[in-house]
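First up is the structure itself, then whatever we jot down about it.
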Amino acid sequence: MIRVENICSYYGEFQSLHDVSLEVKAGHTVIIVGSNGAGKTTILKSICGLVHPRSGAVYFEDKRIDQYHAHQLVDLGITMVPEGGRLFPKLTVDDNLKIGAYNKNARIHFHESLEKVHSLFPILKERAKQEAGLLSGGERQMVAIARSLMACPKLIMLDEPSLGLAPKVVSSVFEFIRRLKESNYSVLLVEQNANKALEVADYGYLIESGKLIFEGKKEDFDKNPFIKKAYLGL
C-alpha cells in the first residue's frame, strides 16, 4: 500500500529524518512509536505532501508520490487526521463530515460513505446537527476520524489520536481504530501510548532522533528489555 525508502527530511537546515524506511501492507495497521520530537509526525507529513523529502522515495501502490502535493494525495486515496483533530468548531458534525468529502471521487460516493461512517460511529448520526466545538474530546476525535473516511481513503494516517484525552476516552479512541482495522482499512498510526498502540497493530516501528531503531510485531517489542523499560513501562 505505502512504501517509504530511505527518506531524509528537513525543516530548513535542520534534518528531522535520517534514512527512514517503512511499509504498510493493504489492510494492515502499522504503528510508529517514540518520544516527543523523535520525528514521528514528520514521517506522516513526508508521506502526505506537507514536507518533501530531500532524498529517498515514497511509493503508494507502486506509484512514486514524494513530490506530490497534499491535495493530489487525497485524490489518490491518502488521508491524515492531524494531532488534535482540527475540526471546524462552529460547524455542525454533519458539515465537518461534508468537508471531508470535498474531492471529486468522494462527492460521487457521499451518501454511501455517510452511511458507512454512521454504521461505524452511530453516535455521529445522533450528533449530526450539533456544533463540533460542543462535543466531548472523544467525540471530536471520532468526528476527525470519520471526516477522513468521507474522502474514500485507501490509507488513513492518524497523528497522536489519544493525546490529551482521559484514560477512559483513550480506550474509546483505540476501539474506533479497531473498527477501522475490522473494516479492512490500511492504517498508519503515530502514537506515544505504545502499549495501547501495540494492541491494535500488525507491525510497529520505533523512532529515536529521526532514525528508526527497532521494528517488529507486538511480541518482538515485548521481548526487548530496553523497549519494555523505556517505552512500555514494564
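Tabulated data
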| read-out | value |
| --- | --- |
| Which numbered condition Met1 fails, given (1) loosely packed, with under 15 Cβ neighbours inside 10 Å; (2) under 30 Å from Leu114 (Cα atoms); (3) modelled with pLDDT under 90 | (1) |
| Boolean, His71 is exposed (fewer than 15 other Cβ atoms within 10 Å of the Cβ), assigned to a helix (DSSP H, G or I) and more than 20 Å from the chain's Cα centre (by Cα) | no |
| Restricting segment 131-148 to residues that are out of contact with any strand residue (DSSP E or B) (no Cβ under 6 Å at 6 or more places or on another chain) and of a type in the set (S, T, N, Q), the residue that is modelled with the lowest pLDDT | Ser136 |
| Tally of residues being assigned to a loop (DSSP other than H, G, I, E, B) and either over 26 Å from Ser46 (Cα atoms) or out of contact with any helix residue (DSSP H, G or I) (no Cβ under 7 Å at 6 or more places or on another chain) (or both) across segment 194-234 | 8 |
| Verdict on Gly56 being under 15 Å from the mean Cα position of the chain (by Cα) and of a type in the set (Gly, Ala, Ser) | no |
| Residues within segment 75-113 that are part of a helix (DSSP H, G or I), surrounded by 20 or more Cβ atoms within 10 Å (Cβ to Cβ) and modelled with pLDDT of 90 or more, tallied | 3 |
| Leading residue by the ranking (surrounded by the most Cβ atoms within 10 Å (Cβ to Cβ)) among those in segment 134-172 that are over 29 Å from Ile47 (Cα atoms) and touching a helix residue (DSSP H, G or I) at 6+ places or on another chain (Cβ under 8 Å) | Leu135 |
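The values are calculated or read from the model by the stated rules, or taken from the named source; none is laboratory data. Since this is a predicted model, take the numbers as computed values, not measurements. Virtual Cβ from ideal backbone geometry, glycine too; neighbours counted across all protein chains shown.
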